1. Can you pull out every residue in region 232-246 that is modelled with pLDDT of 80 or more and crowded, with 17+ Cβ neighbours inside 10 Å?
2. Being surrounded by 16 or more Cβ atoms within 10 Å (Cβ to Cβ) and part of a loop (DSSP other than H, G, I, E, B) is the filter here, so list the residues in region 58-74 that pass it.
3. Within region 81-91, is there a residue that is at pLDDT below 90, in the same structural domain as TYR33 (by TED's automatic domain parsing) and assigned to a loop (DSSP other than H, G, I, E, B)?
4. I need the full set of residues from region 132-162 which are crowded, with 19+ Cβ neighbours inside 10 Å and among the β-branched types (Val, Ile, Thr), in order please.
5. Counting only residues that are under 13 Å from the mean Cα position of the chain (by Cα) and surrounded by 17 or more Cβ atoms within 10 Å (Cβ to Cβ), how many does region 92-131 have?
6. Would you confirm whether or not region 263-282 contains a residue that is modelled with pLDDT under 70, part of a strand (DSSP E or B) and of a type outside the set (Gly, Ala, Ser)?
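The values are calculated or read from the model by the stated rules, or taken from the named source; none is laboratory data. As the structure is a computational prediction, the values presented were derived from the model and not from experiment. Ideal geometry is used to build each Cβ from the backbone, glycine not excepted, and the neighbour counts take in all protein chains shown.
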Amino acid sequence: MAPFNGWDEYWQLDKYESTVKEELKTRLRSEGYTVPNRMLKGELVQMQQRVDCGHICYEKCTDAELQRFVIDRRLTPMTPNSHYAAKMALMREDARLRFGRFVNLPAELRNRIYQHYVSEFDDILTTPTQPPLARVCKQLHNEVLPVFYRSRKFHIVFERRPARGSGPTTFRMDSRTALFLTSLSKESIAEIRRLHVRVNYVRVEDTRSNEWRWIYKCNLKLDNSATGYRLKVKPSKKTYFRNQDAMAVELKRRFAKVYKVICARGSTKMLGLADIHTLRRVVEEVFE
């Protein structure tokens, strides 16, 4: 997926809107499904989403295996020649799976489940809402969100403000970044360990189309290394201007100072909204 997937799309199943039927048929047949040529695309998408969810392909199962699944789920026992009926019953049961004792599991096991859950999301997320599992109840909210914010990389954007006369160059968070960060609690921001920072600007000749073009991409990772952080600054290859490489070096040097302050706070290396604003001011100073 692309780095920006909308507020909620990052956790939703792929709808395969741009995938043609023949490609879906090929994928499903490679997974062991029998796919008639007359199947509608909606039916193919539902089958492919079963694969994406990791459900069993019952067509590969023997009658004895199906009978065991049916008994374990307390469904109507199979009768001779009821392979198809059992398969459909199990698929319907898959669609309404429930587990009412999740919170009774040991905390360590729940945490491993959370880690597996968030690992399925894209590595870089732009202005995401809270994952659905964190909205189930207060306990899961408190347990899931720290894992979510610690494990994903969050994309934030600084964009140049339109110049006013001969005033200094100023930058601001773009609207999505500002809305995302201000919606987070201090505790959630403190859990963030990785940032993907993009610095945007608008060239004069692009004003009519208002086309944003990025100058630098910066990756920050707070870790347990000797320095406490890792930092990379990547200049744009498509948008070149005078002293671009020298400014990239200066931007990296000044960003590093900010990260050292964060790392000096102790083993927690807690990030704050004020640190994000400090990074924005650093960009302004470099572009003065």
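1. Passing the criteria: only VAL233.
2. CYS61 - this is the single residue of region 58-74 that is surrounded by 16 or more Cβ atoms within 10 Å (Cβ to Cβ) and part of a loop (DSSP other than H, G, I, E, B).
3. Checked region 81-91: at least one residue is at pLDDT below 90, in the same structural domain as TYR33 (by TED's automatic domain parsing) and assigned to a loop (DSSP other than H, G, I, E, B).
4. VAL144, VAL147, ILE156, VAL157
5. Selection size over region 92-131: 11.
6. no
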